[in-house]
Every structure is written in C-alpha cells, then in structure tokens.
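Okay, so here's the structure we're looking at.
The values are calculated or read from the model by the stated rules, or taken from the named source; none is laboratory data. All figures in this text were calculated on a predicted structure; none of them were measured in a lab. Glycine also receives a Cβ, built like all others from the backbone with ideal geometry; neighbour counts cover every protein chain displayed.
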Amino acid sequence: MSDERELLIPFETFDTRGIRKDIPEKITSSFFFDIYAQAFKLVDLIDKSNSKYEEHLHNAGKLRPELELNDFQNVIAFIGRRGTGKTSSMLSFLEMLVTRYFQSDDDYFNNAKFSFIHRGFYAIPYTDASMLSKHDDIFETVLSKMLSSLDFEVGESYIRRNSTVSESEIKRLREEICKVYNHYSSLKKKEDIENASPYGLMEKISNKHSVREKFIQLVRKYIGIIGQIRENKKVDYLVICIDDIDMVQDKHMEIMQCIHQYFMIPKVIVLVSFNKPIFC
C-alpha cells in the first residue's frame, strides 16, 4: 500500500493547475508587487473603515447614515484573463495576510504607514466557484468551511495544549454556526416572494435581515474564539476567498448578491477573482 501522505494535496501542488504560490524574500521584488501594493492599500482602507465603525459604535451606540452596513466596502477583486496569474496573486496575497509575512518587509510598510500592520487575519479554506454545483449555495459553503476550520483548530490546540478555550465555549460556537445555517436554509425553503401573502412577504424580508445580523454576531464570536485557540493570538478579521466566479454556471449574480447581503460587514474581508469580460 502506498504511503498515506501521498493522498494529501499540499498547497504547492496547485502549480499543476498553473497556480503558483509567490512568497518572495522581499515583497518589493515580487513579480506581483504592483498587485500586492494595490491590495494592501485596499486592506488599509478597509481597516480604517472598521476602526471608524467600531469607534462610533462604541461611543454612540448607534450608526450615522454614512456608516450604515449597506455601504461597507470590504471586497477586493483580482481581475484578469485566464492564465494571467490572478488566482496565483490572490492566494499568495491571502497567505501573506494570514502568516503576517508582510512584517518581514519592514521598510516598505513603515514608509507606507499602513494601519493594519498589527492586525490579525484568519482565512477559512478558499472556495473554487467553478467547483460549485447548481445545488451548492455560497453562504452555506462558507458556514460549512467555518465549522470545519473550527474543528481543525480545536484539534491543533489539543496538540499544543495551550488553548484557554473551554469545551463548552467550542460547543456553543458550533451550535451558533448550525443555528445560522438552519435559519438561512429554512429561509430558502419558504415559498417564492411572488406567491407569498403580504404577511409571508414581510416575514421573509424580516428573516433575511435577521440572518445578516446573526452572521455579524457569529463572525465576532468566531474570530474571538479562534484567537484564543491559537494561543491567545488576536484575530481581527475573517477572510473569505472566492475564486473564479466567472466560471460558475448560472450562479454569478447569486454569488455576488450573497456577498453584498451577508459578507459586506465589519470584521470580514472578501477576496474574489474573475475574468471581467466573461463575468459581464
């Protein structure tokens, strides 16, 4: 029998698909430097918006119109034709954020004076949209990846034995993920808006906003617990990465609508990639 390790597919083997991880000794010397520089500036803008939002929420307890969540911009798009390196640069950038690799290039970041340099980022496994079937839902997929990532981190923490999180806290977080999943799934199963009664229509609209609010609270609790599991390392953002949106059949607008409704919220950064002409 072959070695069990041969059944695992490490990130580096993505090069068989033409995807190559780029972790240069210095970011400024990278082939993708211009892309990274733009992406880092956008992360900085997102971080400043988060800080402004959190400060106002803390001081006033409610939001001014210009700080409403519907206007919260946190999506970074890597756009290009097939074979131009958009997936490679996106996944490499994602790894730099999560591993805090950018701190190794102090000169560039000190000169740029980015506010996010001391933030913590946690990414769930990226989603290849081209692999989604017509029955798959991107919101349910993200929730499932959050749950599986939590289970992985819990397993790792038991190996390290340095986690301060109790089993009851982990259990409650799992239950919260499942509650949001069930709430969203039940919302999908309700009758179509066109056939709904006025009461049913209002209930459906109310439930949609309720799912969003529950997800906002879930993200806050999730990154807090993940930070504790990871030896009390602070986690400030959950990163959601969705690749090749243009390659999914008949679900382009559904994915974009989901991003707008549920993922454009504080404490979340969304990375997407697509071929703009095909997508349009």
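Taking the criterion of being part of a loop (DSSP other than H, G, I, E, B) and either out of contact with any helix residue (DSSP H, G or I) (no Cβ under 9 Å at 6 or more places or on another chain) or modelled with pLDDT under 75 (or both), the residues of the stretch 142-198 that qualify are ARG161, ASN162, SER163, THR164, SER166, LYS190, GLU191, ASP192, ALA196, SER197. For THR87, the criteria (1) modelled with pLDDT of 80 or more; (2) farther than 26 Å from ASP47 by Cβ hold in every case but one, which is (2).
Taking the stretch 225-253 as the search range and keeping residues that are more than 15 Å from the chain's Cα centre (by Cα) and at pLDDT 85 or above, which one is surrounded by the fewest Cβ atoms within 10 Å (Cβ to Cβ)? Going through the qualifying residues, I end up with LYS234.
Of the residues that make up the stretch 117-126, is at least one touching a Lys or Arg at 6+ places or on another chain (Cβ under 6 Å), within 16 Å of VAL268 (Cα to Cα), at pLDDT 80 or above and among the hydrophobic types (A, V, I, L, M, F, W, C)? Within the stretch 117-126, one or more residues are touching a Lys or Arg at 6+ places or on another chain (Cβ under 6 Å), within 16 Å of VAL268 (Cα to Cα), at pLDDT 80 or above and among the hydrophobic types (A, V, I, L, M, F, W, C).
Within the stretch 28-54, residues that are over 19 Å from VAL272 (Cβ atoms) and of a type outside the set (Val, Ile, Thr) sit with their Cβ atoms under 6 Å from residues that are surrounded by fewer than 18 Cβ atoms within 10 Å (Cβ to Cβ) and at pLDDT below 80, at 6+ positions apart or across chains, in these pairs: SER30/PRO24; LYS48/SER115; TYR53/LEU67.
Yes or no, residue by residue, for (1) charged (D, E, K, R); (2) over 27 Å from LYS233 (Cα atoms); (3) at pLDDT 65 or above; (4) surrounded by 14 or more Cβ atoms within 10 Å (Cβ to Cβ):
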| position | (1), (2), (3), (4) |
| --- | --- |
| SER30 | no, yes, yes, yes |
| ALA37 | no, no, yes, yes |
| VAL43 | no, no, yes, yes |
| ILE46 | no, no, yes, yes |
| GLU55 | yes, no, yes, no |
| ARG100 | yes, no, yes, yes |
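Taken over the stretch 116-141, residues that are surrounded by fewer than 19 Cβ atoms within 10 Å (Cβ to Cβ) and assigned to a strand (DSSP E or B) amount to 1. Of the residues making up the stretch 106-115, not a single one is more than 23 Å from SER51 (Cβ to Cβ), modelled with pLDDT of 85 or more and assigned to a helix (DSSP H, G or I). When VAL219 is tested against (1) farther than 29 Å from ARG81 by Cβ; (2) modelled with pLDDT under 90, only condition (2) is not met. Of the set (1) over 23 Å from GLU95 (Cβ atoms); (2) in contact with an Asp or Glu (Cβ under 8 Å, 6 or more places away or on another chain), all apply to MET264 but (2).
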